[in-house]
Structure formats: C-alpha cells, structure tokens
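Enquirer: Dumping the structure here so I can ask a few things about it.
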Amino acid sequence: QVQFVESGGGLVQPGESLTLSCATSGIVFRTSAMAWYRQAPGNERKLIAATSGSLTNYADSVKGRFTVSRDNTKNTLYLHMDNLKPEDTAVYYCTTVPPNNRWGQGTQVTVSS
C-alpha cells in the first residue's frame, strides 16, 4: 500500500524558514520521481517542485527560496523553505510523478505576522 506522510508544517512569521518531510512507503523511493504540491484555501492544488535523479524543477513562485532534497536510505523527501511569505500559506503534499491520484494528508504551513 502506497503511503505518503507529510510533517513539519506550522505557523511561522514572514522571512522565516521551515523544512517539511515526507515519509514514503509502498514505492521504490530511490528510483521514483517525486513532487511537492500545495493547495491554498479556495484554490486548486498546484505543483511547486518536481525532482528526478539529479534534476529538480521549481515553480517560479518558489524558485530561489525552496529546495527539494531526498534521503533514499530513509525513503524520505524534504522541502526546505526559506524567506517564507504570506502567499506561501497552504497545505503541502508530496507524491510521485505522476501523482496517480495518490496523496497523503498534507501538512499545513501558515505564514503570518
């Protein structure tokens, strides 16, 4: 059974940093292309980063501020977020590329002063 468990979200102030984790199971993580999505209130879920092998692509809205990394020994994907802005407030999800309609519960990130 495929599972994605996101964690690490919280309430932070603008300009602060946060690192999200996504523990995976049921997939061959080390060879899987992975992605981070986010969904802000009232909006559709949007792709913000996708990684495969040594390549990672970022949405313009997060480029230069967010960094994806992975630990293949722990089957875990990470999203390090710097210089957070109020518009980064959303529920963050990880999944495979393509998602194949497989989603975890997500983790809430709220950026507010």
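Enquirer: List the aspartates and glutamates whose Cα lies under 14 Å from the Cα of Lys46, skipping any in the same chain that are fewer than 8 positions away.
Expert: Cα-Cα hits under 14 Å: Asp60, Glu87, Asp88.
Enquirer: Tell me which of Val28, Gln39, Gln3 sits at the most positive position along the dipole axis of the range 1-60, charges placed on C-beta atoms (Lys, Arg +1; Asp, Glu -1).
Expert: My answer, from the dipole projection, is Val28.
Enquirer: Now for a different question. Leaving out ligands and nucleic acids, note down the accessible area per residue over the range 22-107 with a 1.4 angstrom probe, in whole Å².
Expert: Values: 4530 Å² over 86 residues.
Value returned for the range 22-107: 53 Å² of accessible area per residue.
Enquirer: What does the charge count near Ala49 come to, summing +1 for each Lys or Arg and -1 for each Asp or Glu among other residues with Cβ under 12 Å from its Cβ? Walk me through the intermediate numbers first.
Expert: Working: positive: Arg38, Lys46, Lys63, Arg65, Arg70; negative: Asp60.
Local charge sum for Ala49: +4.
Enquirer: How far, in nm, would the chain grow between Leu11 and Arg45 when pulled straight, counting 0.36 nm per residue and subtracting the alpha carbon separation? Mind dumping the intermediate values first?
Expert: On the way: separation 34, 0.36 × 34 = 12.24 nm, distance 2.01 nm.
The span from Leu11 to Arg45 would gain 10.2 nm if fully extended.
Enquirer: Under the definition of Cα pairs under 8 Å and six or more residues apart, what whole-number percent is the relative contact order of the chain?
Expert: Working: 266 pairs, mean separation 42.0, N = 113.
The value is 37 percent.
Enquirer: Using a 1.4 angstrom probe on heavy atoms only, work out the carbon and sulfur share of the accessible area of the chain in %. Before the final figure, lay out the partial values.
Expert: Working: 2830 of 6050 Å².
The C+S portion of the solvent-accessible surface of the chain is 47 percent.
Enquirer: If I stretch the segment between Asp82 and Arg30 completely, what's the gain in nm (0.36 nm per residue apart, minus their alpha carbon distance), one decimal? Before the final figure, lay out each step's value.
Expert: Values: separation 52, 0.36 × 52 = 18.72 nm, distance 2.57 nm.
Full extension of this stretch gives 16.2 nm more.
Enquirer: Give me the tail of P(r) for the range 12-83 as a percent: Cα-Cα pairs with distance above 20 Å.
Expert: Details: 813 of 2556 pairs.
Everything past 20 Å amounts to 32 percent.
The values are calculated or read from the model by the stated rules, or taken from the named source; none is laboratory data. Worth saying up front: this structure is predicted, and the values here are computed from it rather than measured. Every residue, glycine among them, receives a Cβ derived from its backbone with ideal geometry; neighbour counts consider all protein chains shown. Remember, those area values only see protein heavy atoms, side chains included, never the ligands or the DNA or RNA. Shrake-Rupley method; radii C 1.70, N 1.55, O 1.52, S 1.80 Å.
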